[in-house]
Amino acid sequence: MKQQIPAATPQKPVEQPKEEVKSKEAKPVAEKITAGHIHLSGCTGCEVAIADNYAGLLTLLDRYVDWVYDLTLADVRHVPKMDVAMVEGSVCIQDKLSVEEIKETREKAKIVVALGGCACYGNITRFARGGQTNQPQHESFLPIGDIIKVDVYIPGCAPTPQMIRNVCVMAYLLLKGNPDQQALAKKYLTPLMQLAERGTEACGCDLMIEVVNQGLCMGCGSCAAACPVRAITHEYGKPNVNREMCIKCGACYAQCPRSFFNFDVINEYQGILDAITGALQ
Amino acid sequence: MGNELGKYTNCVSARSTDKEILKKAQDGGIVTQLFAFALDAGIIDGAIVAGPGDEPWRPRPIVATTREELLAARGTRYNISPNVSLIKEATRSYGLDKVGIVGTPCQMQAIRKGQLYPVGLRDVPDKIALAIGIFCMENFPYQSIVQLVEDHAGQKLESVKKMEIGKGKFWVYTERGAVVQLPLKVTHKYEQPGCHVCLDYVANLADVSTGSVGSPDGWSTVFVRSKSGEDVWSKAIAAGCFETKPIDQVKPGLELVTKLANEKISKNQKTVEERMKFGVGKGLRNPYIKP
Ligand code: SF4
Ligand code: SF4
Ligand code: SF4
């Protein structure tokens with residue numbers, strides 16, 4: 001059964017030229033979604049990962065997204081209203097500004113995405129205990145989900161450019177697409193929303209607790225491939241996590257096909273990947 | 001059911017035309033031949049395969065970039081080789097831009113999930129050039145193979161020439177010509193538990209999938225599934241890599257493949273459902289519903 005994969009370009013008729021090729025170029029700005037990057041206690045690796053989409057990022061900004069807030073790139077001082085807020089970093093609860101900013105983000109954004117391990121799970125900042133110049137009292141860092149409700153998780157350290165790209169395209173389809181595109185985007189984003197609901201703690205141990213202990217591991221090796229610090233090896237086909245090395249980024253569990261596997265989306269991988277890359281050509 | 005064999009554009013019975021490849025191949029030498037051709041033709045830069053490990057019959061995933069390395073990985077070992085563990089490494093340390101990978105249906109699922117949700121697989125999604133899936137009813141941990149061969153079959157693992165699951169039995173062939181068969185009733189309890197929730201028999205998400213079931217001895221059944229699968233398969237045929245027969249002209253043919261696929265999927269579907277009411281008012285996790 002071949003499911004029709006909706007093309008990633010908006011269906012609303014564009015005023016002037018009729019030819020399909022041209023109408024792509026002439027997208028009115030009003031069709032774009034607005035998004036921004038909120039920088040809390042993170043290393044800027046997540047932001048670099050956004051930028052590592054290179055030409056794809058330019059196309060994204062050209063056609064689909066107005067980037068309205070970004071300390072590094074946009075000259076805007078306060079978090080404005082936006083459709084999608086991508087939050088990098090955890091929240092230092094001793095830093096009043098950070099706490100205010102994350103609350104403000106929740107108020108201003110329709111969709112809050114926790115971008116990267118620190119925002120989702122605390123990641124390396126879980127091990128922080130203060131003592132750094134010039135704010136040695138800044139010692140408690142929380143994943144943003146402990147302060148506000150988060151809609152979508154993109155775990156990993158750093159998150160990958162391709163994952164960010166996919167989520168951006170899907171967020172666009174969700175907000176501006178036709179009903180078929182919206183349905184696809186919803187299906188695609190569902191497990192990432194479920195990860196957000198699942199909580200703010202992650203560790204290589206999740207592979208043991210949620211996969212091996214649950215009788216679900218089949219030894220594919222995805223977890224080891226996903227780990228940014230090579231904390232995972234396979235011993236006789238099962239993951240073995242070096243817990244001293246684990247930075248708690250959450251990539252291994254999210255990557256594991258036995259954490260979530262949504263047939264309705266993944267069976268259509270070919271059409272969806274074509275649509276995503278096509279949208280960014 | 002209806003879609004137990006997944007999407008495919010072409011299905012044939014085939015075997016390699018290369019004598020050297022066939023010599024130690026499990027069946028028709030499809031995987032080794034197709035990778036060797038793809039390597040030659042520049043369709044892949046290398047392939048992740050189950051190479052020889054530290055102990056007899058223990059596979060270890062390797063990135064093969066030569067025909068020799070591919071040849072060393074011939075044959076089925078019936079225990080886990082976490083091939084996907086090298087998927088990022090292959091594009092990094094090995095610097096491959098076009099990666100081949102062979103694996104079980106669940107590993108093909110892992111690859112496709114990894115392309116759509118590349119949480120920790122930076123730059124991997126666009127570099128999967130050829131994913132070959134192997135039909136799979138179940139798999140075993142290495143220690144189960146030790147148990148079966150050394151305890152039940154009474155053979156030293158070092159002396160085993162070939163293992164095979166077919167015709168309702170687990171077969172062990174030794175270098176000195178002994179043949180031991182174990183009924184599958186004996187092997188079942190040693191299976192990897194994670195296999196019991198597996199809902200794919202013929203690697204529906206591979207570019208090309210293959211296995212012995214459905215074809216005569218020495219031949220393999222081949223499903224060509226995706227655009228890249230079609231591309232490499234048609235080029236390999238044009239290059240004379242394979243002899244083929246239409247699948248409807250061989251015995252036992254697709255009917256048997258369909259039957260086994262249905263059996264596996266309905267049995268495991270039932271297990272998935274039973275797991276959800278495993279305890280008293282409590283169940284085990286179902287990855288098909290949520291993380
Ligand atoms: S990714 Fe694969 S090997 Fe790792 S825990 Fe999950 S099923 Fe097991
Ligand atoms: S084991 Fe590796 S991938 Fe998993 S949470 Fe720890 S650092 Fe992240
Ligand atoms: S039965 Fe399924 S889970 Fe088990 S190894 Fe085969 S494909 Fe993987």
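The values are calculated or read from the model by the stated rules, or taken from the named source; none is laboratory data. Predicted model, so just to flag it, every value in this text is computed and none were measured. Here the Cβ positions follow ideal geometry from the backbone for every residue, glycine too, while neighbour counts run over all protein chains shown. Heavy atoms of the whole protein, side chains included, go into the accessibility calculation; ligands, DNA and RNA do not. Shrake-Rupley method; radii C 1.70, N 1.55, O 1.52, S 1.80 Å.
With R₀ fixed at 30 Å, the C-beta to C-beta distance from A:VAL99 to A:GLN182 puts the FRET efficiency at about 0.30. Computed from phi, the 3J(HN,Hα) profile of the range A:33-44 under the Karplus parametrisation 6.51, -1.76, 1.60 (θ = phi - 60°) reads 9, 9, 8, x, 10, 9, 9, 9, 7, x, 9, 6 Hz, with x in place of Gly and Pro. Accessible surface of the range B:140-190, 1.4 Å probe: 51 percent of it comes from carbon and sulfur atoms.
Taking only protein heavy atoms and a 1.4 Å probe, the accessible area of chain A is 53% carbon and sulfur.
Pairs of Cα atoms under 8 Å, at least six residues apart: use those to get the relative contact order of the range B:140-190, whole percent. Write down the numbers at each step before the final one.
On the way: 59 pairs, mean separation 14.9, N = 51.
It rounds to 29 percent for the range B:140-190.
Total buried accessible area between B and A, probe 1.4 Å, nearest 100: 4800 Å².
For chain B, DSSP calls about 75 percent of its internal beta bridges antiparallel.
Label zone (B:VAL250, point 7 Å along Cα-to-C-beta; backbone nitrogen cut-off 20 Å) within the range B:144-178: B:163-169.
Sequentially through the range B:151-159, phi angles give Karplus couplings (6.51, -1.76, 1.60; θ = phi - 60°) of 8, 5, 8, x, 10, 6, 4, 4, 8 Hz, Gly and Pro residues having no value and appearing as x. Rounded to whole numbers, the Karplus 3J(HN,Hα) couplings from phi for the range A:54-65 are 6, 4, x, 5, 4, 4, 4, 6, 5, 10, 10, 10 Hz, using 6.51 cos²θ - 1.76 cosθ + 1.60 with θ = phi - 60°, and x at Gly and Pro. For the range A:58-167, the set of trypsin sites (Lys or Arg not before Pro) satisfying both a DSSP loop assignment and a count of at most 15 other C-beta atoms within 10 Å is given as A:ARG77, A:LYS81, A:ARG129, A:LYS149.
Ellipticity at 222 nm from helices only: DSSP H runs of n ≥ 4 in chain A, each -39500 (n - 2.57), divided by the residue count, give -9500 deg cm²/dmol.
Tally Lys/Arg at +1 and Asp/Glu at -1 over every other residue whose Cβ is under 12 Å from the Cβ of B:GLY133; what's the total?
Once positives and negatives cancel, what remains is 0.
Surface exposure of the range B:140-190, expressed per residue as accessible area with a 1.4 Å probe, stands at 56 Å². Note on A:GLN281 and A:ILE209: the extension gain reaches 21.8 nm, defined as 0.36 nm multiplied by sequence separation minus the Cα-Cα distance. At an R0 of 22 angstrom, the distance between the Cβ atoms of B:LYS19 and B:GLU175 translates into a FRET efficiency of 0.60.
Across A:ILE147, A:ILE102, A:ILE33, mean-square fluctuation computed from a Gaussian network of chain A (C-alpha pairs under 10 Å connected) peaks at A:ILE147.
Extending 7 Å from Cα along the Cβ direction at B:TYR288 and again at B:THR66 yields two label points whose distance is 4.5 nm. Take the Cβ atoms of B:GLU230 and B:ALA41, set R0 to 25 Å, and the FRET efficiency comes out at 0.95.
Restricting the count to DSSP beta bridges whose residues both fall in the protein assembly as shown, what percent are antiparallel, rounded to a multiple of 5? Walk me through the numbers on the way to the answer.
On the way: 38 of 68 bridges.
Here the share of antiparallel DSSP bridges comes out near 55 percent.
With the simple model of a label 7 Å out from the Cα in the direction of the Cβ, A:GLN137 to B:VAL280 spans 5.3 nm. Counting only other chain Cβ atoms within 10 Å of each residue's Cβ, the peptide A:83-92 averages 0.
Between the range B:172-230 and the range B:232-286, the alpha-carbon centres lie 9 Å apart.
For A:ALA109, the residues whose amide H sits under 5 Å from its own are A:MET82, ignoring neighbours fewer than 5 places away on the same chain, with H placed 1.01 Å from N.
Straightening the chain between A:ASP264 and A:LEU73 buys 65.0 nm, computed as 0.36 nm per residue apart minus the Cα-Cα spacing. Centre-to-centre, using Cα atoms only, the range B:78-134 and the range A:30-101 are separated by 31 Å.
For B:GLU273, B:GLU138, write out the residues from largest to smallest accessible area, computed with a 1.4 angstrom probe and no ligands counted.
My answer, sorted largest first, is B:GLU273, B:GLU138.
Helical runs assigned H by DSSP (4 residues or longer) give chain B a calculated mean residue ellipticity at 222 nm of -8000 deg cm²/dmol, each run adding -39500 (n - 2.57) before division by the residue total. DSSP assigns beta bridges within chain A; of those with both partners inside it, close to 25 percent run antiparallel. In this label model, A:GLU107 and B:GLN147 are separated by 6.1 nm, measuring between points 7 Å along each Cα→Cβ vector.
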